[in-house]
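Student: This is the structure, below, for whatever I ask next.
Here, each number is a calculation from the coordinates, and none is a lab measurement. Just so you know, these numbers come straight off a predicted model, no measurement behind them. Using ideal geometry, Cβ is built from the backbone for each residue, glycine included, and neighbour counts are taken over all protein chains shown.
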Amino acid sequence: MDTTILRNRFREQFGTSGDLYFSPGRINLIGEHTDYNGGFVFPGAVDKGITIEIYRNGSRKVCLLALDQKENNYVEFSLDDTSKPEQHWACYIFGVCKELEKRGVSLGGFNAAITGDVPLGAGMSSSAALESVFAFALNTMFADSRVDKFELAKIGQATEHNYCGVKCGIMDQFASVFGREGCLIRLDCRSLEYEYFPFDPKGYKLVLINSLVKHSLGNEYNERRESCEKAVALMNEQFGQVETLRDANYQMLEAVKGSLTDEDYRRAKYVLDEKERVLAVCDALNEGDYELVGKKMYETHWGLSRDYTVSCPELDFLVEIASECGVTGSRIMGGGFGGCTINLVRDTIADLFISKAKREYARRFGIIPEIYHVVIGNGSRKL
Ligand code: GAF
């Protein structure tokens, strides 16, 4: 990303220059809504993300300029403030400061300018990129990188929980901090054991289609999590040792079905199904069987749409078009409620699919969806 504008605006605003840091957004091949259920996910960092320029200002003040915000793009707060700023975007940085301090890092004030090329609200984790870039930069500047990368990811997650109202799992922050060029990460969200998985499907591409339905996670996301927790509580009562849906199986779920609402039951069942799909995809990747990977992606989509109910007509439409075009795999990516579909497409039909998706979507919804070709990149770093 060209940082000329960022550098110029920082100098204009603050009269100095600072250091540059970057954290990426992410994709996720499969394993959706499994992270907070103790399951597996398959994310990778992308080459798009959030870049900041940052400099210590020798006071207790934090001064922030968000280049891409149309209004209220300048915020100041003190590190001693106890209530968060009014601007939602600044809460992420406020939260990261508080979470670092909770872990014993003694921060000083700083000036920072923020910009990004990861689309906002597209399900590519722009918010995790924002948390991670500040956690990484402040850890470097004020703690000699003493806080390890696992904790940096947890700081981002805790920021979401405690300052932004989203009870998310660890996937997005983990991928942003730990990303590696050319690799997906198979992450066990219970133990945080992970493995880099080189991903270079010869003859296929990963293409994202942004429905441009702005997704913002909040109550609806938290409600899905609560459904899972209700099922877990009942199974734990009956069988013991069920801490998350990771510990549950279909027999257990059937045994408590009568005490669950249909909605909660279907959501819990989706998670059990997704658990099996992730394992099947691991095997298929080992065998190089991308057709099977793709089949599982479709199954995930319809599970998310019909059972977990986090889709919308626009996303379902894009997946149907993909299927009509013979695309290998297609599904909602990320939390849902809008954002992108991720598509595993054979090279030979990619152009045809993209032009048909744009045309048909525009005809149906009156806007042209955005297309991103996925490049799997590195995680948080100083530039
Ligand atoms: C969002 C959350 F932030 C993640 O933790 C994860 O639950 C995802 O939705 C769904 O898989 O991106």
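Student: Suppose we keep only residues that are within 30 Å of T3 (Cβ to Cβ) and buried (at least 24 other Cβ atoms within 10 Å of the Cβ) within the range 31-50. Which one would you say is nearest to the ligand (Cβ to nearest atom)?
Tutor: Selected residue: P43.
Student: Okay, next question. Residue pairs, Cβ under 7 Å, 6 or more apart or interchain, first in the range 115-126 and farther than 20 Å from Y221 by Cα, second in a loop (DSSP other than H, G, I, E, B) and away from the ligand (no atom under 14 Å from the Cβ). List them.
Tutor: Between residues of the range 115-126 that are farther than 20 Å from Y221 by Cα and residues that are in a loop (DSSP other than H, G, I, E, B) and away from the ligand (no atom under 14 Å from the Cβ), the close pairs are T115/L67; T115/D68; G116/D68; D117/M1.
Student: Moving on to the next point. Let me confirm something: among L315, L285, L279, which residue is crowded, with 20+ Cβ neighbours inside 10 Å and either at positive phi or out of contact with any helix residue (DSSP H, G or I) (no Cβ under 7 Å at 6 or more places or on another chain) (or both)?
Tutor: L315
Student: Out of the residues in the range 238-260 meeting the condition of being farther than 27 Å from E160 by Cα and without any contact (Cβ under 8 Å) to a residue 12 or more places away in the chain, tell me which one is surrounded by the most Cβ atoms within 10 Å (Cβ to Cβ).
Tutor: K257
Student: Moving on. Which of the residues that make up the range 129-140 are over 12 Å from the mean Cα position of the chain (by Cα) and crowded, with 20+ Cβ neighbours inside 10 Å?
Tutor: V133, F134, A135, F136, A137, L138, N139
Student: Moving on to the next point. Looking at V278, V293, which is the one that is part of a helix (DSSP H, G or I), over 23 Å from H215 (Cα atoms) and under 18 Å from the mean Cα position of the chain (by Cα)? Step through it out loud before you land on a result.
Tutor: Numbers: V293 fails: under 18 Å from the mean Cα position of the chain (by Cα).
Answer to the selection: V278.
Student: Ok, one more. Just to be sure, is F134 in contact with a Pro (Cβ under 6 Å, 6 or more places away or on another chain) and away from the ligand (no atom under 16 Å from the Cβ)?
Tutor: Values: in contact with a Pro (Cβ under 6 Å, 6 or more places away or on another chain): no; away from the ligand (no atom under 16 Å from the Cβ): yes.
When the stated conditions are applied, F134 does not pass them.
Student: Against the conditions (1) β-branched (V, I, T); (2) assigned to a helix (DSSP H, G or I); (3) under 16 Å from Y361 (Cβ atoms), where does T300 fall short? Just the number, please.
Tutor: (3)
Student: Taking K84 as meeting all but one of (1) touching a residue at least 60 places away in the same chain (Cβ under 8 Å); (2) more than 16 Å from the ligand (Cβ to nearest atom); (3) farther than 30 Å from E229 by Cα; (4) not in a helix (DSSP H, G or I), write down the number of the exception.
Tutor: (3)
Student: Just for the range 215-253: of the residues that are within 14 Å of the ligand (Cβ to nearest atom) and part of a loop (DSSP other than H, G, I, E, B), which one is farthest from the chain's Cα centre (by Cα)?
Tutor: T244
Student: Still on this structure: List the residue pairs whose Cβ atoms are under 6 Å apart, where the first residue sits in the range 11-31 and is under 19 Å from E181 (Cβ atoms) and touching a residue at least 40 places away in the same chain (Cβ under 8 Å), the second is in a strand (DSSP E or B) and of a type in the set (S, T, N, Q), and the two are 6 or more positions apart or on different chains.
Tutor: Note: pairs meeting the criteria are F22/T51.
Student: Run I185 past the list (1) under 29 Å from C282 (Cα atoms); (2) of a type in the set (V, I, T); (3) within 14 Å of the ligand (Cβ to nearest atom); (4) assigned to a helix (DSSP H, G or I) and report the number of the one that doesn't hold.
Tutor: For I185, the failing item is (4).
Student: Here is a further query. So for the range 101-117 (the condition being assigned to a helix (DSSP H, G or I) and either surrounded by 24 or more Cβ atoms within 10 Å (Cβ to Cβ) or more than 16 Å from the ligand (Cβ to nearest atom) (or both)), does at least one residue qualify?
Tutor: yes
Student: Which one of these does N162 not meet: (1) more than 17 Å from K102 (Cβ to Cβ); (2) surrounded by fewer than 23 Cβ atoms within 10 Å (Cβ to Cβ)?
Tutor: (1)
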